[in-house]
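Trainee: After the structure tokens below, expect a handful of questions from me.
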Amino acid sequence: MRISNLDGRLVLKHPDGVTDVEAAGDGRFCADPQAVFSRWDEFTAWAVDLRNPRIEPCDPSRLKAPVPRPSQVFAIGMNYADHAAEGGLPLPPEPAVFTKFQTSIAGPNDEVKLPTSTVDWEAELVVVIGRRAVHVDAARAWEHVAGVTVGQDLSERTRQLIGTPPQFSIGKSFPGFGPIGPEIVTSDELTDRDDLEIGCSVNGEVVQHARTGDLIFPVASLIERLSAILPLTPGDLIFTGTPSGVGHSRSPRRYLAPGDVLETWISDVGRLRTTFAEGPRHVARTA
């Protein structure tokens, strides 16, 4: 099953269009895409049994973030060995966890305003929680996943890295710095949920290319370790980490500029297209 947010309304995605969930269910489920996760089991049972759904055309430019208002957004740093190596850092003994704040979430075709000249890209597999998870072991972790989607952990490197300790969360939470989409894909749609091709390009040049099978802490492990500390709730997001190829680790360093087009893809899941424009200038202050 694949679901999306079409102009603020929850829709089921089909190869030839979409089905409006509220209309198809005669109001059983509301149109709000965020609300469905609290009734995920009921919704999936209904969707599987839906017969002869009314399918309408879909303009991809109207798609918004499939999870528009997550209660919690977890992000994992240094979760690919090659990314840790390009940053000159040792492999983490535990997941390096930070957050992206809710207001950074954006859609799959959005324009992002650049606050500085040091904004970087980070292609990521994003997990959407579908069932409350508390002390869940890895063997059962995927039972708590609604699906996965494509994400970018856009990062303002100056703000992120100024001073000690670094400010990961705030440096990665400017408006639009968490584009996700274009849809949520359930794991049964994936050829291998633990080994997906992931990558991104800037103006057509591939800058990241890897497989999620290279994650140091795979999805199941992340859910196990996070849920041992705090509850994961329906509609929460986990940005699982980025592979090597980020601009900050290149020589010379390379960052996103107004007019750039960043395309991000994951096999079997989908593709984001993020464009950039000049935004209000942000100056990182040290005192």
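Trainee: Being open to solvent by 20 Å² or more (accessible area, probe 1.4 Å), more than 19 Å from the chain's Cα centre (by Cα) and modelled with pLDDT under 95 narrows it down to one residue among Asp20, Asp49, Asp41; which is it? Talk me through it step by step, then tell me what you get.
Mentor: Working: Asp20 fails: modelled with pLDDT under 95; Asp41 fails: modelled with pLDDT under 95.
Result of the check over Asp20, Asp49, Asp41: Asp49.
Trainee: Quick test of your reading of the structure: Val11 fulfils all but one of (1) closer than 28 Å to Thr191 by Cβ; (2) surrounded by fewer than 19 Cβ atoms within 10 Å (Cβ to Cβ). Name the failing condition by number.
Mentor: (2)
Trainee: Pick from segment 134-149 the residues that are open to solvent by less than 10 Å² (accessible area, probe 1.4 Å) and within 19 Å of the chain's Cα centre (by Cα): which of them is nearest to Ser201 (Cα to Cα)?
Mentor: Thr149
Trainee: Sticking with this one: List the residue pairs whose Cβ atoms are under 7 Å apart, where the first residue sits in segment 204-223 and is basic (Lys, Arg), the second is outside any strand (DSSP E or B) and open to solvent by less than 20 Å² (accessible area, probe 1.4 Å), and the two are 6 or more positions apart or on different chains.
Mentor: Hits for this filter: Arg211/Leu196.
Trainee: Given the conditions (1) in contact with a strand residue (DSSP E or B) (Cβ under 7 Å, 6 or more places away or on another chain); (2) of a type outside the set (D, E, K, R); (3) under 27 Å from Leu256 (Cβ atoms), which single one is not true for Ile162?
Mentor: Condition not satisfied by Ile162: (1).
Trainee: OK, next. Being more than 16 Å from Ser169 (Cα to Cα), in contact with a strand residue (DSSP E or B) (Cβ under 6 Å, 6 or more places away or on another chain) and modelled with pLDDT of 95 or more: is that true of Arg62 here?
Mentor: Working: more than 16 Å from Ser169 (Cα to Cα): yes; in contact with a strand residue (DSSP E or B) (Cβ under 6 Å, 6 or more places away or on another chain): yes; modelled with pLDDT of 95 or more: yes.
Judged against the criteria, Arg62 is a match.
Trainee: For segment 235-286, which strands (runs of 3 or more DSSP E) that fit wholly inside it have 2 or more residues that are touching an Asp or Glu at 6+ places or on another chain (Cβ under 9 Å)? Quick ask: steps written out before the conclusion?
Mentor: On the way: elements: 237-239, 261-266, 270-278.
Of the strands (runs of 3 or more DSSP E) lying wholly inside segment 235-286, those with at least 2 residues that are touching an Asp or Glu at 6+ places or on another chain (Cβ under 9 Å) span 261-266, 270-278.
Trainee: Can you name the residue in segment 18-58 that is of a type in the set (Asp, Glu) and assigned to a loop (DSSP other than H, G, I, E, B) and is also nearest to Arg69 (Cα to Cα) among such residues?
Mentor: Applying the first criterion (of a type in the set (Asp, Glu)) to segment 18-58 yields 20, 22, 26, 32, 41-42, 49, 56.
Checking the rest, the ones that are also assigned to a loop (DSSP other than H, G, I, E, B) come to 26, 32.
Working: Asp26: 24, Asp32: 10 Å.
Once the filter is applied, the top-ranked residue is Asp32.
Trainee: In segment 85-123, how many residues are open to solvent by less than 30 Å² (accessible area, probe 1.4 Å), of a type in the set (D, E, K, R) and over 18 Å from Gly247 (Cβ atoms)?
Mentor: Result for segment 85-123: 1.
Trainee: What number goes with the only condition from (1) in a strand (DSSP E or B); (2) out of contact with any Gly (no Cβ under 6 Å at 6 or more places or on another chain) that Gln208 does not pass?
Mentor: (2)
Trainee: If you go through segment 162-169 one residue at a time, do you hit one that is surrounded by fewer than 18 Cβ atoms within 10 Å (Cβ to Cβ), among the β-branched types (Val, Ile, Thr) and more than 13 Å from the chain's Cα centre (by Cα)?
Mentor: There is at least one residue in segment 162-169 that is surrounded by fewer than 18 Cβ atoms within 10 Å (Cβ to Cβ), among the β-branched types (Val, Ile, Thr) and more than 13 Å from the chain's Cα centre (by Cα).
Trainee: Please enumerate the residues belonging to segment 244-287 that are surrounded by 15 or more Cβ atoms within 10 Å (Cβ to Cβ), among the aliphatic types (A, V, I, L, M) and farther than 20 Å from Gly199 by Cα.
Mentor: Of everything in segment 244-287, just one residue is surrounded by 15 or more Cβ atoms within 10 Å (Cβ to Cβ), among the aliphatic types (A, V, I, L, M) and farther than 20 Å from Gly199 by Cα, namely Ala284.
Trainee: Quick one: what pairs do we get from segment 39-64, first residue more than 24 Å from Ala106 (Cβ to Cβ), second of a type outside the set (A, V, I, L, M) and open to solvent by 80 Å² or more (accessible area, probe 1.4 Å), C-beta under 8 Å, 6+ apart or different chains?
Mentor: Pairs found: Asp41/Arg131; Trp46/Arg28; Ile55/Asp16.
Trainee: Go through segment 170-202 and give me each residue that's under 18 Å from His248 (Cα atoms) and open to solvent by 60 Å² or more (accessible area, probe 1.4 Å).
Mentor: Correct list: Ile170 only.
Trainee: Evaluate segment 129-144: report whether one residue or more is within 20 Å of Gly245 (Cβ to Cβ) and free of Cβ contacts under 8 Å to residues at least 24 places away in the same chain. Break it down into steps so the answer makes sense when it comes.
Mentor: Residues of segment 129-144 that are within 20 Å of Gly245 (Cβ to Cβ), as a first pass: none.
Among the residues of segment 129-144, not one is within 20 Å of Gly245 (Cβ to Cβ) and free of Cβ contacts under 8 Å to residues at least 24 places away in the same chain, which makes the answer no.
Trainee: Is there any pair with a first residue in segment 1-12 that is at positive phi and a second that is of a type outside the set (A, V, I, L, M, F, W, C) and assigned to a strand (DSSP E or B) whose Cβ atoms are under 7 Å apart and which are 6 or more apart or on different chains, and what are they?
Mentor: Between residues of segment 1-12 that are at positive phi and residues that are of a type outside the set (A, V, I, L, M, F, W, C) and assigned to a strand (DSSP E or B), the close pairs are Asp7/Lys64; Gly8/Lys64.
Trainee: Pull out all pairs, ordered by first then second residue, where Cβ-Cβ is under 7 Å, the residues are six or more apart or on different chains, the first lies in segment 178-199 and is within 22 Å of Val246 (Cα to Cα), and the second is open to solvent by less than 20 Å² (accessible area, probe 1.4 Å) and of a type in the set (Lys, Arg).
Mentor: Gly178/Lys100
The values are calculated or read from the model by the stated rules, or taken from the named source; none is laboratory data. Source: prediction; values computed, not measured. Cβ atoms come from the backbone with ideal geometry, glycine included; neighbour counts cover every protein chain shown. All accessible areas refer to the heavy atoms of the entire protein, side chains included, with ligands and DNA or RNA removed. Shrake-Rupley method; radii C 1.70, N 1.55, O 1.52, S 1.80 Å.
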